[in-house]
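Colleague: Here it is: the structure, laid out below.
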Number of protein chains: 2
Amino acid sequence: MITIEVVLSPALLHLTKVKDTNVVVIDILRATSTICTAIHHGAIAVRAVASPAETLDLKSDNYLTAAERDGQKLEGFDMGNSPFECMEGRVEGKKIALTTTNGTKCIEAVANAGARNVFAGSFLNLEAMADYLAKDGAPVVMLCAGWKDSFNLEDTLFAGALIEAISQRGETFVDCDAALMSEDLYKIAKSDLVGYLKKSSHYRRLSHLHHEEDMVYCLQHSVFETITGLVETEMKKI
Amino acid sequence: MITIEVVLSPALLHLTKVKDTNVVVIDILRATSTICTAIHHGAIAVRAVASPAETLDLKSDNYLTAAERDGQKLEGFDMGNSPFECMEGRVEGKKIALTTTNGTKCIEAVANAGARNVFAGSFLNLEAMADYLAKDGAPVVMLCAGWKDSFNLEDTLFAGALIEAISQRGETFVDCDAALMSEDLYKIAKSDLVGYLKKSSHYRRLSHLHHEEDMVYCLQHSVFETITGLVETEMKKI
């Protein structure tokens, strides 16, 4: 029986025991979707970095530098935070240093908390992720990155989707209201995720920045099987 | 047009502007339901107090003392945190000093934040509360007390119910994912609130303590019209 908890904001992480659990960091729009995409498209590693300055420092170590703040690519970096920048061989065989508004901070926050594993969550490899977690059997903590510590819909919906997928593979134990809510919210939205999320604050924020294609891409269900997780200090293929 | 935001935990309150807003503090099971019940049944005032020791100190000022921790009445106090203790003339004409695990801390947290008003939220007077807020027109912040800073279902459902009721009275502006989620969750649960909440963590916690009657009472929709809000330092009839 797999115990599942959902943490709705990094600001609530201290309330949940992370040690020895499988943590899934969720920043669907777009950091963890982009990290999964980069690894699937042959990047050797993605290092989550706190600040743009630290990201630039890694340029000399042959990292591609990627930086996003408030939904926009920062000037002077090789990439922003779009999954499309990871395609067509652009990241193959490369290491990427990535800093984003929300998601990379979450990875950093749990990196040294004694978790059994830390994964990047995405709809893109949801079924493969559920297979892994169900087979492993350790308690699962889903950490929603949110938007600057505020609750958001898209990360919560992914948590609901992943709970559903794990439940289809074996018995789960959910004694967490955030997880129960996530499951029910996903039931409402699952038939048309893109349509449902059009009302969300971050969808509108990214639409203003012309990132609609990124969002539609990130909401695709299980288009590849590559699982991405933390190996020492970097996100790699598991 | 009334702007509405929902704060899912006191630990996220710092992310939301409270100044000049109508704050509705929500601890449905049971503090804010009990406060509304006490005022409706003729209590002069309810003072939210941080600690049991400070509550006892107010005994000499002719306060009834009420204290709850982890769902249970504390020894040595006149009352716990049950709405039924406020009926049959037991609180009429009396002042009550109340300390609880979650709700009273939220009232304290917003008491000096420059809010236009601070109300106690409850299903028991939901329609009257919506009338007041729609007529007043100021932005509304709904603060869910949760359980020791964690998200809970019952407070979120009340937020959704109150948003629905305000929306039925006039135009609202909701640019807050937590509010959008609350509305959708309430749509799922509204036809059978008690049934829906039986899966929640706090319902199960209170059931173990034999508080089922309290919960069924607190989930009744608009059984009185008395509105309770902060007047200087105490919750009183508005």
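The values are calculated or read from the model by the stated rules, or taken from the named source; none is laboratory data. Just so we're clear, the structure is a prediction, and the values are computed from it rather than from any experiment. Glycine also receives a Cβ, built like all others from the backbone with ideal geometry; neighbour counts cover every protein chain displayed.
Colleague: Would you call B:Asp131 among the charged types (D, E, K, R), in a helix (DSSP H, G or I) and farther than 26 Å from A:Gly146 by Cβ?
Modeller: yes
Colleague: Is it fair to say B:Leu74 is within 14 Å of chain A (Cβ to nearest Cβ), free of Cβ contacts under 8 Å to residues at least 24 places away in the same chain and among the aliphatic types (A, V, I, L, M)?
Modeller: No: the conditions fail for B:Leu74.
Colleague: Something else now. Inside segment B:89-110, can you point out the residues that are within 20 Å of B:Tyr63 (Cα to Cα), in contact with a strand residue (DSSP E or B) (Cβ under 9 Å, 6 or more places away or on another chain) and part of a loop (DSSP other than H, G, I, E, B)?
Modeller: Taking segment B:89-110 first, the residues within 20 Å of B:Tyr63 (Cα to Cα) are B:89-101, B:103-105, B:107-108.
Then drop every residue that is not in contact with a strand residue (DSSP E or B) (Cβ under 9 Å, 6 or more places away or on another chain), which leaves B:90-91, B:94-101, B:103-105, B:107-108.
Hits for segment B:89-110 are B:Arg90, B:Val91, B:Lys94, B:Thr100, B:Thr101.
Colleague: Restricting the search to segment A:103-122, which residues are crowded, with 24+ Cβ neighbours inside 10 Å and of a type outside the set (Val, Ile, Thr)?
Modeller: Step one: of segment A:103-122, the residues crowded, with 24+ Cβ neighbours inside 10 Å are A:103-104, A:106-107, A:118-122.
Hits for segment A:103-122 are A:Gly103, A:Cys106, A:Phe119, A:Ala120, A:Gly121, A:Ser122.
Colleague: Based on this model, can you work out whether B:Ile35 counts as of a type outside the set (S, T, N, Q), touching a strand residue (DSSP E or B) at 6+ places or on another chain (Cβ under 8 Å) and more than 20 Å from B:Asp214 (Cα to Cα)?
Modeller: No, not satisfied.
Colleague: Here are some conditions: (1) away from chain A (no Cβ under 14 Å); (2) closer than 19 Å to B:Leu230 by Cβ; (3) small (Gly, Ala, Ser). B:Ala161 meets all but one. Which one does it not meet?
Modeller: All conditions pass for B:Ala161, except number (2).
Colleague: A follow-up question, please. Restricting the search to segment A:48-79, which residues are buried (at least 17 other Cβ atoms within 10 Å of the Cβ) and among the basic types (Lys, Arg)?
Modeller: A:Lys73
Colleague: What residue, among those in segment A:165-174 that are over 17 Å from the mean Cα position of the chain (by Cα) and without any contact (Cβ under 8 Å) to a residue 40 or more places away in the chain, is surrounded by the most Cβ atoms within 10 Å (Cβ to Cβ)?
Modeller: A:Ser167
Colleague: Right, next: Give A:Thr21, A:Thr3 a once-over and let me know the one that is closer than 11 Å to A:Val140 by Cβ, of a type in the set (S, T, N, Q) and away from chain B (no Cβ under 14 Å).
Modeller: Just one listed residue meets the conditions, A:Thr21.
Colleague: Ok, one more. Out of the residues in segment A:124-142 meeting the condition of being surrounded by 24 or more Cβ atoms within 10 Å (Cβ to Cβ) and under 20 Å from A:Thr34 (Cβ atoms), tell me which one is nearest to the other protein chains (Cβ to nearest Cβ).
Modeller: Filtering first and then ranking leaves A:Met142.
Colleague: Counting just the residues of segment B:12-37 that are under 19 Å from B:Thr156 (Cβ atoms) and charged (D, E, K, R), which one comes out surrounded by the fewest Cβ atoms within 10 Å (Cβ to Cβ)?
Modeller: B:Arg30
Colleague: Please give the strands (runs of 3 or more DSSP E) falling wholly within segment A:1-82 in which 1 or more residues are among the acidic types (Asp, Glu) and under 25 Å from A:Val216 (Cα atoms).
Modeller: Here the list reads A:63-69.
Colleague: Within segment A:111-124, is even one residue farther than 20 Å from A:Pro52 by Cβ, modelled with pLDDT of 95 or more and assigned to a helix (DSSP H, G or I)?
Modeller: Taking every residue of segment A:111-124 in turn, at least one turns out to be farther than 20 Å from A:Pro52 by Cβ, modelled with pLDDT of 95 or more and assigned to a helix (DSSP H, G or I).
Colleague: Of the conditions (1) farther than 21 Å from A:Asp155 by Cα; (2) part of a loop (DSSP other than H, G, I, E, B); (3) out of contact with any Lys or Arg (no Cβ under 6 Å at 6 or more places or on another chain); (4) touching a residue at least 24 places away in the same chain (Cβ under 8 Å), A:Ala138 satisfies every one except a single condition; which number is it?
Modeller: With respect to (1) farther than 21 Å from A:Asp155 by Cα; (2) part of a loop (DSSP other than H, G, I, E, B); (3) out of contact with any Lys or Arg (no Cβ under 6 Å at 6 or more places or on another chain); (4) touching a residue at least 24 places away in the same chain (Cβ under 8 Å), A:Ala138 is out only on (3).
Colleague: Let me ask something else about it. Right, A:Cys218: in contact with a strand residue (DSSP E or B) (Cβ under 9 Å, 6 or more places away or on another chain) and in contact (Cβ under 8 Å) with a residue 40 or more places away in the chain or not?
Modeller: No; evaluated as a whole, the condition is false for this residue.
Colleague: Out of the residues in segment A:81-102 that are surrounded by fewer than 21 Cβ atoms within 10 Å (Cβ to Cβ), farther than 24 Å from A:Leu162 by Cα and small (Gly, Ala, Ser), which is modelled with the lowest pLDDT?
Modeller: Per the criteria, the residue is A:Gly89.
Colleague: For segment A:143-158, which residues satisfy the criterion of being more than 9 Å from chain B (Cβ to nearest Cβ) and part of a strand (DSSP E or B)?
Modeller: Those that are more than 9 Å from chain B (Cβ to nearest Cβ) and part of a strand (DSSP E or B): A:Leu143, A:Cys144.
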